Amino acid sequence: MARMKFLCDADRCIECNACVTACKNEHEVPWGINRRRVVTINDGKPGERSISMACMHCTDAPCAAVCPVNCFYTTADAVVLHSKDLCIGCGYCFYACPFGAPQYPKVGNFGSRGKMDKCTYCAGGPEADGSKEEYEKYGANRLAEGKLPLCAEMCSTKSLLAGDGEIIAQIYKERVMKRGYGSGAWGWKTAYRETIES
Amino acid sequence: MTSFGRSIRLALGAWALLLLMTVVPASAQQVNPTASAVKEQQLLQELNRIQGRVSIPDQRSGVLEQPQGREWREFRNVTLRWIGGIAILGMIAGIVIFYLTVGMVRLEAGRSGRTIVRFNGFERFVHWMTASCFIVLAISGLNITFGRPLLLPLIGFEAFSEWSQWAKYAHNYLSFPFTIGVVLIFLMWIGGNIPSKVDIEWAKRGGGLIGHDHPPAYRFNGGQKMIYWIVVIGGGLVAASGYALMFPFYGTGIEGMQMAQIVHSIVAVLFVAAMIAHIYIGTIGMEGAFEAMGSGEVDVNWAREHHSLWLDEQKARTGPNDGQPQPATAAAE
Ligand code: HEM
Ligand code: SF4
Ligand code: SF4
């Protein structure tokens, strides 16, 4: 089985937010919740850089480790998913997550927190693949249909890559060789404890 | 002729230009247009965090990367469990050993049969309201800390989540009466809980816990003052950090939330350990003590042995009988 990863080639990201929009639409993500966002560092200054970020589906995922009810599981494709039926909305996964991926719709006690929602790598949740319940809780399950995450598919500059970690690393390496520069795979060291040497 | 030569030169020039045009982009390809842009490793080395601007309303999501979540994970999953385990189990073990070797602190003079009011109805109400909230808060809180390794394997995922959800509701809602209780305790008993010289003498004599010593004390002895300040300061800290956790990200960022959890959980487990000792002394640890918070009245002999100076004060104010019908012999007291 493949080890699925995301890779944002920061030298190509133009902050068009197509990935963000694609994700919101595909999964009917509620108001105020963003499973993916584009962060711009040094906005408007020389040396500006934009990176699209969502859940990285970490190796030995910190969110899963700290969850008090142990509601996370890792699929055979190494995608980190969770069960909204088990989640109690404590917010701990957000404190542990290095990438700010977990989100909480405001429906819990005192309007503070509901069940956690995050990027599923377009792979749904514990319910039957493609079922109505799965769609309502987690959004579309494109992986089960043999498709890759829509954010990467929609990326206008093909900055955002999704797929088997080895294949997208290879694509990135070839790009860097061809154009002669690359700022590295952002977040990989933190998420996967490895980088792409180029 | 000259025009032909000029045409040749022109054609040559155009050809050279064309050549130049194809060559220049080839070398320009090696120029990095984002060479001056920030690099991930350099940003992480500077701040251990990468932050930027986002165009969505959720400004928290401007934190791109915070690897220190890993350190927080280590605290929550390992360090805290050690601190909590050692504090709570250590306290229980200590008390068991103490109880088995020294046993209950008895009333040496036995019961006199006469009582004196120690806590009025309002004081007892506040005490029990705070105490019952504390017990529920402690159990529901410790469930977050230890439930996953200890309880989940026994009852399974569904039951554990169901229970944890209710425990969380209880933890959130009971925080309010608990906080009110701590504030009332602070105001109600501050008068008797200012540390004084008497407490030093009391502490030097080990509080009279071992042997038959009875160091003098006013309404609250050194140990009780310690419990009072643990409740006031510990309660204040868990309340402040707890509300920060309950209403997340109001005026703080991710590092503030991690800090709130660290303060809340460490103070909470130490608080639980201290309260176990308090519960022990108030029940099976000392004869005649529970009545103070039960009926509100203690035996006069209990007051003499444990709070002699307070008893003298009370006697001076109201007389020894405190409005109760007494047998005639009691006048000798
Ligand atoms: C006074 C008001 C209090 C408030 C507002 C409060 C709030 C919270 C919140 C929001 C959490 C995060 C987990 C969750 O969402 O359920 C928490 C965790 C916890 N609380 Fe409280 N709490 C309070 C008092 C207490 C007291 C008195 C104790 C102990 C006796 C306590 C012990 C704990 C423990 C042990 C945890 C879990 C820490 C961990 O493992 O991360 N809390 N509290
Ligand atoms: S990015 Fe965050 S939410 Fe996703 S697997 Fe890693 S720690 Fe979990
Ligand atoms: S918010 Fe839900 S998923 Fe996240 S740690 Fe808490 S219970 Fe687990």
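Tabulated results
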{"quantity": "Residue tally, condition modelled with pLDDT of 90 or more, over 15 Å from the mean Cα position of the chain (by Cα) and of a type in the set (Gly, Ala, Ser), over region A:171-198", "calculated": "0"}
{"quantity": "Failed item, numbered, when residue B:159 is tested on (1) surrounded by fewer than 16 Cβ atoms within 10 Å (Cβ to Cβ); (2) more than 16 Å from ligand 3 (Cβ to nearest atom)", "calculated": "(2)"}
{"quantity": "Selection within region A:39-62 - more than 9 Å from every other protein chain (Cβ to nearest Cβ), within 21 Å of residue B:51 (Cβ to Cβ) and either within 13 Å of ligand 2 (Cβ to nearest atom) or surrounded by 19 or more Cβ atoms within 10 Å (Cβ to Cβ) (or both)", "calculated": "A:52, A:54, A:55, A:56, A:58"}
{"quantity": "Flag for residue B:198 being touching a residue at least 60 places away in the same chain (Cβ under 8 Å), of a type in the set (Val, Ile, Thr), surrounded by fewer than 19 Cβ atoms within 10 Å (Cβ to Cβ) and in a helix (DSSP H, G or I)", "calculated": "yes"}
{"quantity": "Long-range neighbours under 9 Å by Cβ, at least six apart or interchain, first residue within 19 Å of residue A:129 (Cβ to Cβ) within region A:75-98, second assigned to a helix (DSSP H, G or I) and within 12 Å of ligand 2 (Cβ to nearest atom)", "calculated": "A:80/A:63; A:80/A:64; A:82/A:63; A:82/A:64; A:82/A:93"}
{"quantity": "Residues (touching a residue at least 12 places away in the same chain (Cβ under 8 Å) and under 23 Å from residue A:62 (Cα atoms)) located in region A:182-198", "calculated": "A:184, A:185, A:186, A:187, A:188, A:190, A:191, A:192, A:193, A:196"}
{"quantity": "Single residue of region B:218-254 satisfying the filter (hydrophobic (A, V, I, L, M, F, W, C) and in a loop (DSSP other than H, G, I, E, B)) that is farthest from the other protein chains (Cβ to nearest Cβ)", "calculated": "B:220"}
{"quantity": "Residues located in region B:229-249, provided they are more than 14 Å from the chain's Cα centre (by Cα) and crowded, with 18+ Cβ neighbours inside 10 Å", "calculated": "B:248"}
{"quantity": "Enumeration of residues in region B:257-295 that are more than 20 Å from residue B:89 (Cβ to Cβ) and in contact with a Ser or Thr (Cβ under 9 Å, 6 or more places away or on another chain)", "calculated": "B:259, B:260, B:261, B:262, B:263, B:264, B:289, B:290, B:291, B:295"}
{"quantity": "Selected residue (criterion: farthest from the other protein chains (Cβ to nearest Cβ)) from residues of region B:31-78 that are over 25 Å from residue A:103 (Cα atoms) and in contact with a Phe, Trp or Tyr (Cβ under 8 Å, 6 or more places away or on another chain)", "calculated": "B:35"}
{"quantity": "Which listed residue, of B:275, B:257, B:286, is within 16 Å of ligand 2 (Cβ to nearest atom) and either of a type outside the set (Ser, Thr, Tyr) or within 14 Å of another protein chain (Cβ to nearest Cβ) (or both)", "calculated": "B:257"}
{"quantity": "So residue A:62, is it within 16 Å of ligand 1 (Cβ to nearest atom) and within 28 Å of residue A:13 (Cα to Cα)", "calculated": "yes"}
{"quantity": "Whichever residue in region A:3-36 is over 20 Å from residue A:114 (Cα atoms) and among the charged types (D, E, K, R) and, among such residues, is farthest from the other protein chains (Cβ to nearest Cβ)", "calculated": "A:3"}
{"quantity": "Count of residues meeting criterion [part of a strand (DSSP E or B) and of a type in the set (Phe, Trp, Tyr)] in region B:47-85", "calculated": "0"}
{"quantity": "Search result, residues across region A:68-127 that are more than 12 Å from chain B (Cβ to nearest Cβ) and surrounded by fewer than 18 Cβ atoms within 10 Å (Cβ to Cβ)", "calculated": "A:74, A:75, A:76, A:77, A:107"}
{"quantity": "Hey, residue A:10 in contact with a strand residue (DSSP E or B) (Cβ under 6 Å, 6 or more places away or on another chain), over 30 Å from residue B:161 (Cα atoms) and either away from ligand 3 (no atom under 16 Å from the Cβ) or touching a residue at least 60 places away in the same chain (Cβ under 8 Å) (or both) or not", "calculated": "yes"}
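The values are calculated or read from the model by the stated rules, or taken from the named source; none is laboratory data. Because the structure is predicted, anything quoted here is derived from the model rather than measured. Here Cβ is always computed from backbone atoms with ideal geometry, including for glycine, and neighbour counts include all displayed protein chains.
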